[in-house]
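Chemist: Mind looking over this structure? Questions follow.
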Amino acid sequence: MDILFSLAHGFAVATQPVNLLVAFIGCFVGTVIGALPGIGPVNGIAILIPLAFSLDLSPVSALILLTSVYYGSMFGGRIASILLNIPGDSSAVVTCIDGFPMAKQGRAADALAISAISSFVGGTLATVGLTVLAPTLAMAAIHFGPREYFALYVMAIVIVGGIATGNPAKTLAAGLLGLAIGTVGIDPATGIPRFTFGAYELYEGIDFVIVAIGLFAISEFLIYIEQRRTGPIEQVPVGRRTTALRQLTYPATSLRASLLGFVIGVLPGAGATLASFMGYALEKRVSDKDGTFGKGDPRGVAAPEAADNAAAGGSLVPMLTLGVPGSGTTAIMLGMLVTLNVQPGPLLFQQQPDIVWGLVAALYVSNVILLILNIPLVGLFAKLLTVPSHYLMPGVVTVSFLGVYSVNQNSFDLLLMVGFGVFGYLLRKLSIPLVPVVLGIILGTPMEQSLRRAMAASGGDIWTLVESPLALLLHAITACVILVAILREAGRRRNAAAVERGA
Amino acid sequence: MEIIAGRRALAAGMLGLAGLAGARPAAAFVGPRPECLAPSAPGGGWDFTCRTVGRLMQELKVVSQPVQVSNMPGAVGAVAFANVTSRRAADNNLFVATSTVGLTQIAQRRYPGDVDRVRWLAMLGADTGVILVRADSRFKTLGDFLDALKADPGGIVTGGSSSLGGYDHLRLLLLAQKAGIPSADLKRFRWIHYDGGGPAVTQMLGGHVEVVSTDLAEIAGFVEAGQIRVLGAMAEARLAGSFANIPTAREQGYDVVGLNWRGFYTGGRVSDEHYNAMIAGLKQVYDSEGWKEAARRSGLQPIWRSGPDFERFVANMVTELRSLSQDIGIIS
Amino acid sequence: MSDRIVGVLLALFAGWYSWEARSYAVDFGDPMGPALFPEILAPPVGLLGLYLVLRPDPDPEWSTGRYLLSQLATVVALVAYALLLQPLGFILATLVMVACLTAMLGARLPQALLGGVVSSLGFFALFDWFLGIPLPPGLAFGG
């Protein structure tokens, strides 16, 4: 009951008028900033901190401001994904798959509304789960050691392999290429540089932003030039939502994805990106009866968004109980707590429940405000697409360069981005999907490191990987997924053959 | 790393803001355009050092112009080191943030040049290396642990927040050397690297690693909560405040000091006059209440070493780390 | 045919990747070492490459003539921009690049110049002033 009481107190503070106003400003500014690819919450927070100080906000209000900027910029990242096919951060990659086709069909406003609604659902469920389950779950998370993480990453790669449509060999090759690109840079376990060709710029690895913006945004521009060959490109009608809000909720999808996302979020380090990918893969497996996923299926937007936000909530569990940040969100929140002179750690929860639950309430309030703010604004955002292409596309290219430039401020990264743009263009022409490449880059390092940690702990005994019941269970699930996929493929071929014979 | 970066970025931002207060000329610091070079991206540890010290220099009016913080990330400081030694060796505006992490890289010859290519200014504070176990561990003292390690070098799973051959690992090996474990056995230790002290300790609580070697600041909360035991702190003397009951390694008979210090170097051809003025400026920062406060917040013990004393300290440390790295085959 | 070429390239890449990885070795403390993971990745990549050689998909329709030319021109413009951003400064470099791209997409010259001016000044204001991300000032500000 203590928890409920503290949470109620947190909400009482968070819903004071001044705090609501602050949350509103934060969400709006965050949304605008997040919509610029490569520019994220850190920049937004940097801008608003002076404001927080000059207005002399109380610590709680400052927290609310910063969480709302964070949430706002997450949502803003979806705007770029859906409208322009540029993932602003790693958890927005999967939103591109169905979000961008929706925008091309003139349903940009719908897609944005779905994103806002299912994010809200995910956030809500996570808050509930957090309140009820936090202490139980934290203990479970501790038992996740290197081999369990490795099993989880293997499962993720296999499951996510099913995301892309088309030639499975090409999907697999794309994923492996991503893993290979992920090995560039200093090996974290031994400090040895790998595949760097002696270029210092590559020592820290290839930043995700560079790859994602290059592969998606720059290749989009090259594709666009070529498409003009088939005559003038039709301007898509955009602006208003085409569907009633009620029909954009997808409750079953959001619920499934939220549960999955929350569980993944509880594991420190797995995080929102994995949750968004797996939420999408699960939904595709469950719902994709007609092969509409990847071609603008609204559920393909709802699932990752719900999972992503539920994971952000789930990642509060290790933060609250262990003081270890489980995701980007919690890392930023921990940073805020540190500046408020709160020492993160396992005692955080007992020593300063007011601040901690105030933070949870602040997150939730930001979630609500974002929904209220953005539903009316989605039409406005979608209007961006009415800018004539010969202005819009070069503008997008400029923003892409700026997003990459802001990472390290050097020309090398810009050239690398252009290189990845040409690479992405070729992959798209050859029907090799881009998403597995990006996923491989994101998951490669943690996957390799968890494998090597397991090996180091066991002294090189490979059987250690299956000696824990939890890891064994995860591997069994993976095996089932592969088996089902093979059977299904075989069935499809038999049917196709039968149809051919029949005809 | 990313996680820590986020937190530091924010802290830096907050501190940077406080630095907006006015500045009036009263130059004790040489150079018309003072610049602190952080060899990391904005938000990294070295960036934090630069921004904090830069802000304090301005507040204390050590400088007449605001200190410009520029970032030059790459190869754990090697890019910045190469730039300073080749192009800005005589630049009296410039001071560069570094720490034990950078020095370890120099010791393992991963920078283009050795310690004598630059002039070492001063260190202003340090985090303390600690050896940790779970509260219910079989090891009660550093001696218990090191004896067990001596008996079975490959039998104990150890870990920390650095790579193999990184400073957390080397500190543990230095202790093992003092315990009389031969070099050939040092190679057999099992070492798991984690992305930070927090994750390492969490995994220790879950039983995935038995002993952790890392810095105190990040995991201080776990110590206070009583979930973990500190077998020994690698400090010169006992720590202050709530950590006073932690025994040092030295008092248990293992004379190893493993401080992760934060400090600065400047170009190798900066004149003595400018070099001394820079040190005087840093000393003013060190003596201020603001530095004590900033150090406390980020878990550093204020420690001052400067000039020839600091250069000797750096040279000794490099010699020690280099010979250890050679012994265990990290470098040839 | 395209897929066959891709297959060959993939197989070559796998070979090189594995060979390069073999040079990363440590003789202490890490039972798996930095080489093993790349070496695990390489064989499946090579096999997939061979598979593509044997079972290629139909060729995509590659762009030709004028369109291929403008794609190449675009890439040249982007590379030039990446190289000239710091020496020329953001405003000048962006003005030129955006104007070129806009013109190539079929806008008339005044329109293209307008697009260039608006983008360069607008983005400079947004990033440098509002977001506090310093952009190279270059020639435009004598800096």
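Computed from the coordinates by the stated procedures, all read-outs in this text should not be read as laboratory data. Predicted, not measured: the structure shown is a model, and the values here were computed from it. Quick reminder, even Gly has a Cβ in these numbers, built from the backbone with ideal geometry, and neighbours come from all protein chains shown.
Chemist: For a test of the definition: using alpha carbon positions, the gyration tensor, and the 1.5 limit on a/c, classify the range B:183-332 as rounded, prolate or oblate.
Modeler: Details: a/c = 2.18, a/b = 1.33, b/c = 1.63.
Taking the square roots of the gyration eigenvalues as a ≥ b ≥ c, the range B:183-332 is oblate.
Chemist: Same structure again: In Å, what Kirkwood hydrodynamic radius results for the range B:127-258 from the alpha-carbon pair distances? Write down the numbers at each step before the final one.
Modeler: Details: mean 1/r = 0.0699 Å⁻¹.
That comes to 14.3 Å for the range B:127-258.
Chemist: Can you give the % of DSSP beta bridges in the protein assembly as shown that are antiparallel, to the nearest 5?
Modeler: Details: 29 of 44 bridges.
Roughly 65 percent of the beta bridges in the protein assembly as shown run antiparallel, per DSSP.
Chemist: Would you kindly derive the ³J(HN,Hα) couplings of the range C:126-135 from the backbone phi angles with the Karplus curve 6.51 cos²θ - 1.76 cosθ + 1.60 (θ = phi - 60°), listing them in order in whole Hz, with x for Gly and Pro?
Modeler: Result, rounded to whole Hz: 4, 7, 6, 8, 7, 7, x, 9, x, 9.
Chemist: Could you give the distance between the Cα centres of the range B:203-237 and the range A:460-503, to the whole Å?
Modeler: Computed from Cα coordinates, the inter-centre distance equals 43 Å.
Chemist: Compute all pairwise cysteine Cβ distances in the protein assembly as shown, then list the cysteines with no distance under 4.7 Å to another cysteine.
Modeler: A:Cys27, A:Cys96, A:Cys480, C:Cys100
Chemist: Quote the relative contact order of chain C in percent (integer), defining contacts as alpha-carbon pairs under 8 Å separated by 6+ residues. Could you put the intermediate results ahead of the total?
Modeler: Working: 145 pairs, mean separation 30.8, N = 143.
Answer for chain C is 22 percent.
Chemist: Another question about this same structure. Once the Cα atoms of helix C:33-54 and of chain C are each reduced to a long axis, what angle between those two axes, in degrees from 0 to 90 to the nearest 10, is obtained?
Modeler: That works out to roughly 90 degrees.
Chemist: Per 10 Å bin, what percent of the C-alpha pairs of the range C:65-141 does each bin hold, from zero upward?
Modeler: Values per bin, smallest distances first: 20, 46, 28, 6, 0.
Chemist: To continue, here is another question. Among A:Cys96, C:Cys100, which comes first, then next, by fewest other beta-carbon atoms within 10 Å? Intermediate results must be reported in sequence, preceding the final value.
Modeler: Values: A:Cys96 26, C:Cys100 19.
Listing A:Cys96, C:Cys100 from fewest to most nearby Cβ atoms yields C:Cys100, A:Cys96.
Chemist: Mind checking which of B:Ser271, B:Ser162, B:Ser64 has the largest fluctuation in a GNM of chain B, springs on alpha carbons under 10 Å?
Modeler: Looking only at B:Ser271, B:Ser162, B:Ser64, the biggest GNM fluctuation is shown by B:Ser271.
Chemist: Fewest first, what order do A:Ser90, C:Ser18, A:Ser58 take by the number of other Cβ atoms within 10 Å? Could you put the intermediate results ahead of the total?
Modeler: Numbers: A:Ser90 23, C:Ser18 18, A:Ser58 15.
Ordered by Cβ neighbours within 10 Å, fewest first: A:Ser58, C:Ser18, A:Ser90.
Chemist: Next question. Go ahead and set up a Gaussian network model of chain B, Cα springs under 10 Å, then flag whichever of B:Gly196, B:Gly263, B:Gly241 fluctuates most.
Modeler: Per the Cα network of chain B with a 10 Å cutoff, B:Gly241 tops the list.
Chemist: Counting other beta carbons within 10 Å of each Cβ, put B:His169, B:His274, A:His143 in order, fewest first.
Modeler: Values: B:His169 26, B:His274 19, A:His143 13.
Listing B:His169, B:His274, A:His143 from fewest to most nearby Cβ atoms yields A:His143, B:His274, B:His169.
Chemist: Amide H neighbours of B:Gly125 under 5 Å, at least 5 residues apart or on other chains, H built in the peptide plane: list them.
Modeler: B:Arg262, B:Ile303
Chemist: Quick one: 3J(HN,Hα) in Hz for the range B:278-289, Karplus 6.51/-1.76/1.60 with θ = phi - 60°, rounded, Gly and Pro as x.
Modeler: 4, 4, 4, x, 5, 4, 4, 4, 4, 6, 7, 5
Chemist: Let me have the 222 nm mean residue ellipticity of chain B computed from DSSP H runs of 4+ only, each contributing -39500 (n - 2.57), with the sum over all residues rounded to the nearest 500.
Modeler: -13000 deg cm²/dmol
Chemist: Going by the alpha-carbon gyration tensor, a ≥ b ≥ c the square roots of its eigenvalues, is chain C rounded (a/c under 1.5) or, if a/c is not under 1.5, prolate (a/b greater than b/c) versus oblate?
Modeler: Numbers: a/c = 4.04, a/b = 1.60, b/c = 2.52.
Note, shape of chain C comes out oblate.
Chemist: Skipping prolines and chain starts, which residues have an amide H placed within reach, meaning under 5 Å, of the one on B:Val69, given they are 5 or more residues away or on another chain?
Modeler: Under 5 Å from the amide H of B:Val69: B:Cys36.
Chemist: List the relative contact order of chain B as a percent without decimals, with contacts defined as Cα pairs under 8 Å and 6+ residues apart. Walk me through the intermediate numbers first.
Modeler: Details: 656 pairs, mean separation 82.4, N = 332.
Dividing the mean separation by the residue count of chain B yields 25 percent.
Chemist: Write down the radius of gyration of the protein assembly as shown and its Dmax, each obtained from C-alpha positions, in Å.
Modeler: 27.9, 95
Chemist: Among B:Phe139, B:Ala249, B:Pro153, whose Cα sits farthest toward the positive end of the charge dipole of the range B:127-258 (+1 at Cβ of Lys/Arg, -1 at Cβ of Asp/Glu, about the Cα centre)?
Modeler: Highest projection toward the positive end goes to B:Pro153.
Chemist: Read phi for every residue in the range B:118-128 and hand back ³J(HN,Hα) as whole Hz from Karplus 6.51 cos²θ - 1.76 cosθ + 1.60, θ = phi - 60°, with x for Gly and Pro.
Modeler: Values per residue, Gly and Pro as x: 10, 9, 8, 7, 6, 10, 10, x, 8, 9, 9 Hz.
Chemist: So, one more: Quote the relative contact order of the range C:65-141 in percent (integer), defining contacts as alpha-carbon pairs under 8 Å separated by 6+ residues. Before the final figure, lay out each step's value.
Modeler: Working: 74 pairs, mean separation 27.7, N = 77.
Rounded, it is 36 percent for the range C:65-141.
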